[in-house]
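Some notes on the structure that comes next.
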Amino acid sequence: KAKDKKEKKEDIPGHLEVHKIVQELEGLLVRLSWKGASYDLKAPLYGTHHGHNLALAFVTAFELGLGPEDILSALKTLPQIAHRLEVKPQGRDMIVIDDAYNSNPIGFQSALGLLATLAQKSGGKIKRKILITPGMVELGPAHTEAHETIGRLAGQVCDVALVVNGQRIPSFLEGFKATGGQKELHEVASFAEAQSWVAANRQDGDAVLIENDLPDLYERKLRL
(Lines give C-alpha, C1' and ligand atoms only; values in the text may rest on other atoms or scores of the structure.)
Protein backbone atom coordinates (compact mmCIF):
# COMPACT_ATOMS: atom_id res chain seq x y z
CA LYS A 1 0.00 0.00 0.00
CA ALA A 2 2.81 2.37 0.86
CA LYS A 3 4.36 1.75 -2.56
CA ASP A 4 1.07 2.39 -4.34
CA LYS A 5 0.61 5.61 -2.36
CA LYS A 6 4.10 6.80 -3.32
CA GLU A 7 3.54 6.07 -7.01
CA LYS A 8 0.20 7.85 -6.94
CA LYS A 9 1.85 10.89 -5.29
CA GLU A 10 4.53 11.05 -8.01
CA ASP A 11 1.88 10.85 -10.75
CA ILE A 12 0.34 14.17 -9.66
CA PRO A 13 1.18 16.71 -12.40
CA GLY A 14 3.33 19.56 -11.11
CA HIS A 15 3.55 18.11 -7.60
CA LEU A 16 5.46 20.38 -5.20
CA GLU A 17 7.33 18.77 -2.30
CA VAL A 18 9.12 20.75 0.41
CA HIS A 19 11.89 18.59 1.87
CA LYS A 20 13.54 20.94 4.35
CA ILE A 21 13.11 24.37 5.94
CA VAL A 22 16.14 25.53 7.93
CA GLN A 23 16.60 28.81 9.79
CA GLU A 24 20.16 30.03 9.38
CA LEU A 25 21.83 33.11 10.82
CA GLU A 26 21.64 34.80 7.41
CA GLY A 27 18.04 33.77 6.65
CA LEU A 28 16.04 30.79 5.45
CA LEU A 29 17.09 27.76 3.41
CA VAL A 30 14.24 25.88 1.71
CA ARG A 31 14.91 22.67 -0.22
CA LEU A 32 12.13 21.56 -2.56
CA SER A 33 11.31 19.46 -5.59
CA TRP A 34 9.25 20.78 -8.49
CA LYS A 35 8.56 19.14 -11.85
CA GLY A 36 11.30 16.55 -11.49
CA ALA A 37 14.06 18.92 -10.33
CA SER A 38 15.39 19.90 -6.88
CA TYR A 39 16.09 23.47 -5.80
CA ASP A 40 17.61 25.22 -2.78
CA LEU A 41 15.94 28.55 -2.07
CA LYS A 42 17.79 31.08 0.06
CA ALA A 43 16.23 34.30 1.30
CA PRO A 44 17.13 36.79 4.08
CA LEU A 45 13.85 36.14 5.93
CA TYR A 46 13.33 34.93 9.47
CA GLY A 47 10.69 32.60 10.87
CA THR A 48 10.30 29.07 9.52
CA HIS A 49 6.63 29.74 8.75
CA HIS A 50 7.90 31.72 5.74
CA GLY A 51 9.41 28.56 4.25
CA HIS A 52 6.19 27.47 2.58
CA ASN A 53 5.55 31.06 1.45
CA LEU A 54 8.90 31.02 -0.34
CA ALA A 55 8.11 27.66 -1.93
CA LEU A 56 4.80 28.93 -3.26
CA ALA A 57 6.41 32.16 -4.50
CA PHE A 58 9.00 30.09 -6.40
CA VAL A 59 6.35 27.92 -8.06
CA THR A 60 4.19 30.93 -8.95
CA ALA A 61 7.11 32.76 -10.59
CA PHE A 62 8.11 29.55 -12.40
CA GLU A 63 4.60 29.11 -13.81
CA LEU A 64 4.59 32.75 -14.93
CA GLY A 65 7.56 31.98 -17.15
CA LEU A 66 10.59 33.08 -15.12
CA GLY A 67 13.67 30.85 -15.21
CA PRO A 68 14.70 29.02 -12.03
CA GLU A 69 18.07 30.77 -11.79
CA ASP A 70 16.44 34.20 -12.06
CA ILE A 71 13.97 33.31 -9.31
CA LEU A 72 16.70 31.98 -7.01
CA SER A 73 18.74 35.16 -7.56
CA ALA A 74 15.76 37.40 -6.84
CA LEU A 75 14.93 35.57 -3.59
CA LYS A 76 18.42 36.29 -2.24
CA THR A 77 17.61 40.02 -2.18
CA LEU A 78 14.07 39.70 -0.86
CA PRO A 79 13.41 42.49 1.67
CA GLN A 80 12.40 41.66 5.22
CA ILE A 81 8.91 42.47 6.44
CA ALA A 82 9.02 45.56 8.65
CA HIS A 83 8.35 44.91 12.35
CA ARG A 84 7.51 41.23 11.74
CA LEU A 85 10.50 39.17 12.87
CA GLU A 86 12.76 41.75 11.22
CA VAL A 87 16.39 41.02 12.15
CA LYS A 88 18.55 44.13 12.39
CA PRO A 89 22.32 43.84 13.08
CA GLN A 90 23.46 46.71 15.29
CA GLY A 91 27.24 46.30 15.24
CA ARG A 92 29.43 45.02 18.10
CA ASP A 93 27.89 41.58 17.52
CA MET A 94 24.50 42.87 18.63
CA ILE A 95 21.20 42.22 16.86
CA VAL A 96 17.64 43.37 17.32
CA ILE A 97 14.70 41.17 16.37
CA ASP A 98 11.89 43.60 15.68
CA ASP A 99 8.58 41.78 16.09
CA ALA A 100 6.81 44.88 17.30
CA TYR A 101 3.75 44.76 15.06
CA ASN A 102 1.03 42.88 16.90
CA SER A 103 1.47 39.67 18.88
CA ASN A 104 -0.39 36.46 19.58
CA PRO A 105 0.51 33.24 21.43
CA ILE A 106 1.73 31.40 18.31
CA GLY A 107 3.68 34.39 16.98
CA PHE A 108 5.24 35.09 20.40
CA GLN A 109 6.34 31.47 20.66
CA SER A 110 7.82 31.61 17.15
CA ALA A 111 9.75 34.78 18.00
CA LEU A 112 11.25 33.20 21.13
CA GLY A 113 12.18 30.18 19.04
CA LEU A 114 13.95 32.41 16.53
CA LEU A 115 15.84 34.16 19.34
CA ALA A 116 17.06 30.80 20.64
CA THR A 117 17.96 29.55 17.14
CA LEU A 118 19.97 32.63 16.21
CA ALA A 119 21.89 32.42 19.48
CA GLN A 120 22.70 28.78 18.77
CA LYS A 121 23.69 29.44 15.14
CA SER A 122 25.91 32.39 16.05
CA GLY A 123 28.70 30.17 17.35
CA GLY A 124 28.87 31.96 20.67
CA LYS A 125 28.71 35.52 19.32
CA ILE A 126 25.30 36.03 20.89
CA LYS A 127 25.85 35.93 24.65
CA ARG A 128 22.69 37.46 26.16
CA LYS A 129 19.12 37.04 24.96
CA ILE A 130 17.01 40.01 26.03
CA LEU A 131 13.23 40.28 25.71
CA ILE A 132 11.24 43.52 25.72
CA THR A 133 7.49 42.98 25.85
CA PRO A 134 4.26 44.42 27.21
CA GLY A 135 2.64 41.05 26.57
CA MET A 136 -0.35 40.40 24.35
CA VAL A 137 -3.79 42.00 24.18
CA GLU A 138 -7.33 41.03 23.25
CA LEU A 139 -7.04 37.44 24.44
CA GLY A 140 -10.28 37.53 26.42
CA PRO A 141 -10.61 34.68 28.95
CA ALA A 142 -7.34 33.15 27.70
CA HIS A 143 -5.35 36.18 28.92
CA THR A 144 -4.03 34.70 32.19
CA GLU A 145 -3.23 31.20 30.98
CA ALA A 146 -1.68 32.34 27.68
CA HIS A 147 0.65 34.76 29.46
CA GLU A 148 1.71 32.17 32.03
CA THR A 149 2.54 29.71 29.23
CA ILE A 150 4.55 32.21 27.23
CA GLY A 151 6.20 33.51 30.41
CA ARG A 152 7.46 30.01 31.19
CA LEU A 153 8.91 29.69 27.69
CA ALA A 154 10.53 33.13 27.96
CA GLY A 155 12.11 32.08 31.26
CA GLN A 156 13.69 29.10 29.52
CA VAL A 157 14.96 31.04 26.50
CA CYS A 158 15.84 34.55 27.70
CA ASP A 159 18.59 35.80 29.99
CA VAL A 160 16.88 39.13 30.65
CA ALA A 161 13.24 40.18 30.40
CA LEU A 162 12.00 43.78 30.44
CA VAL A 163 8.26 43.74 30.98
CA VAL A 164 6.33 46.91 30.21
CA ASN A 165 3.48 47.56 32.64
CA GLY A 166 3.90 44.19 34.32
CA GLN A 167 0.86 44.66 36.55
CA ARG A 168 -1.26 43.97 33.47
CA ILE A 169 0.27 40.52 32.96
CA PRO A 170 1.14 39.11 36.43
CA SER A 171 0.86 35.53 35.17
CA PHE A 172 3.68 36.21 32.68
CA LEU A 173 5.89 37.36 35.55
CA GLU A 174 5.02 34.24 37.55
CA GLY A 175 5.69 31.99 34.58
CA PHE A 176 9.07 33.62 33.88
CA LYS A 177 10.16 33.27 37.50
CA ALA A 178 9.05 29.61 37.56
CA THR A 179 11.43 28.57 34.77
CA GLY A 180 13.93 31.44 34.73
CA GLY A 181 15.11 31.11 38.31
CA GLN A 182 17.49 33.95 39.09
CA LYS A 183 17.52 35.40 35.59
CA GLU A 184 17.04 39.16 35.35
CA LEU A 185 13.42 40.31 35.31
CA HIS A 186 12.70 44.03 35.24
CA GLU A 187 9.34 45.75 35.29
CA VAL A 188 9.30 49.12 33.53
CA ALA A 189 6.58 51.70 33.12
CA SER A 190 6.95 52.28 29.38
CA PHE A 191 8.61 51.05 26.22
CA ALA A 192 10.86 54.12 26.29
CA GLU A 193 12.11 53.11 29.75
CA ALA A 194 12.90 49.63 28.44
CA GLN A 195 14.90 51.13 25.57
CA SER A 196 16.80 53.33 28.03
CA TRP A 197 17.71 50.24 30.09
CA VAL A 198 19.09 48.48 27.02
CA ALA A 199 21.10 51.54 26.00
CA ALA A 200 22.60 51.89 29.49
CA ASN A 201 23.35 48.19 29.94
CA ARG A 202 24.28 47.19 26.40
CA GLN A 203 26.97 44.53 26.01
CA ASP A 204 28.72 42.98 23.03
CA GLY A 205 26.82 39.89 21.95
CA ASP A 206 23.35 41.05 23.00
CA ALA A 207 20.33 39.89 21.03
CA VAL A 208 17.23 41.94 21.78
CA LEU A 209 13.74 40.71 20.90
CA ILE A 210 11.07 43.40 20.79
CA GLU A 211 7.84 41.44 21.02
CA ASN A 212 4.89 43.75 20.54
CA ASP A 213 5.02 47.53 20.89
CA LEU A 214 1.72 48.63 22.33
CA PRO A 215 0.67 52.27 21.95
CA ASP A 216 0.83 54.61 24.92
CA LEU A 217 -2.86 53.98 25.50
CA TYR A 218 -2.00 50.55 26.94
CA GLU A 219 0.71 52.00 29.18
CA ARG A 220 -1.57 54.52 30.87
CA LYS A 221 -3.34 53.76 34.09
CA LEU A 222 -7.10 53.57 33.72
CA ARG A 223 -8.85 56.66 35.02
CA LEU A 224 -12.61 56.76 35.41
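Quick rundown of the values:
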| read-out | value |
| --- | --- |
| Lone unmet requirement of (1) within 14 Å of I21 (Cβ to Cβ); (2) open to solvent by 50 Å² or more (accessible area, probe 1.4 Å); (3) part of a loop (DSSP other than H, G, I, E, B) for R84 | (1) |
| Among (1) open to solvent by 70 Å² or more (accessible area, probe 1.4 Å); (2) in contact with a strand residue (DSSP E or B) (Cβ under 8 Å, 6 or more places away or on another chain), the one test that D70 misses | (2) |
| Only one of T77, T117, T179, T149 that is open to solvent by 10 Å² or more (accessible area, probe 1.4 Å) and over 20 Å from the mean Cα position of the chain (by Cα) | T179 |
| Condition met for K127 (of a type in the set (K, R) and open to solvent by less than 70 Å² (accessible area, probe 1.4 Å)) | no |
| Any hit, segment 40-49, residues being touching a Leu at 6+ places or on another chain (Cβ under 8 Å), hydrophobic (A, V, I, L, M, F, W, C) and over 18 Å from L118 (Cβ atoms) | yes |
| Single match in A119, A194, A154, A200 (criterion: free of Cβ contacts under 8 Å to residues at least 12 places away in the same chain, under 30 Å from G27 (Cα atoms) and of a type in the set (A, V, I, L, M)) | A200 |
| Count of segment 133-146 residues which are surrounded by fewer than 17 Cβ atoms within 10 Å (Cβ to Cβ), within 21 Å of D213 (Cβ to Cβ) and touching a helix residue (DSSP H, G or I) at 6+ places or on another chain (Cβ under 7 Å) | 2 |
| Selection status of R92, open to solvent by 40 Å² or more (accessible area, probe 1.4 Å), among the basic types (K, R) and under 30 Å from G155 (Cα atoms) | yes |
| So V160, is it touching a residue at least 12 places away in the same chain (Cβ under 8 Å) and either open to solvent by 30 Å² or more (accessible area, probe 1.4 Å) or farther than 24 Å from E24 by Cα (or both) | no |
| Verdict on T133 being among the hydroxyl-bearing types (S, T, Y) and touching a Pro at 6+ places or on another chain (Cβ under 8 Å) | no |
| Residues of segment 182-192 classified as touching a strand residue (DSSP E or B) at 6+ places or on another chain (Cβ under 8 Å) and surrounded by fewer than 20 Cβ atoms within 10 Å (Cβ to Cβ), total | 7 |
| Scope segment 97-113; condition in a helix (DSSP H, G or I) and open to solvent by 10 Å² or more (accessible area, probe 1.4 Å); matching residues | P105, I106, G107, Q109, S110, G113 |
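Condition check ((1) free of Cβ contacts under 8 Å to residues at least 12 places away in the same chain; (2) open to solvent by 20 Å² or more (accessible area, probe 1.4 Å)) across all residues:
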position: I21; (1), (2): no, yes
position: E24; (1), (2): no, yes
position: R31; (1), (2): no, yes
position: G36; (1), (2): yes, yes
position: A43; (1), (2): no, no
position: T48; (1), (2): no, yes
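The values are calculated or read from the model by the stated rules, or taken from the named source; none is laboratory data. Everything quoted here is computed from the prediction, not taken from an experiment. Don't worry about glycine lacking a Cβ; one is built from the backbone with ideal geometry, like all the others, and counts go over all protein chains shown. In case anyone asks, the SASA skips ligands and DNA or RNA and just uses the protein heavy atoms, side chains included. Shrake-Rupley method; radii C 1.70, N 1.55, O 1.52, S 1.80 Å.
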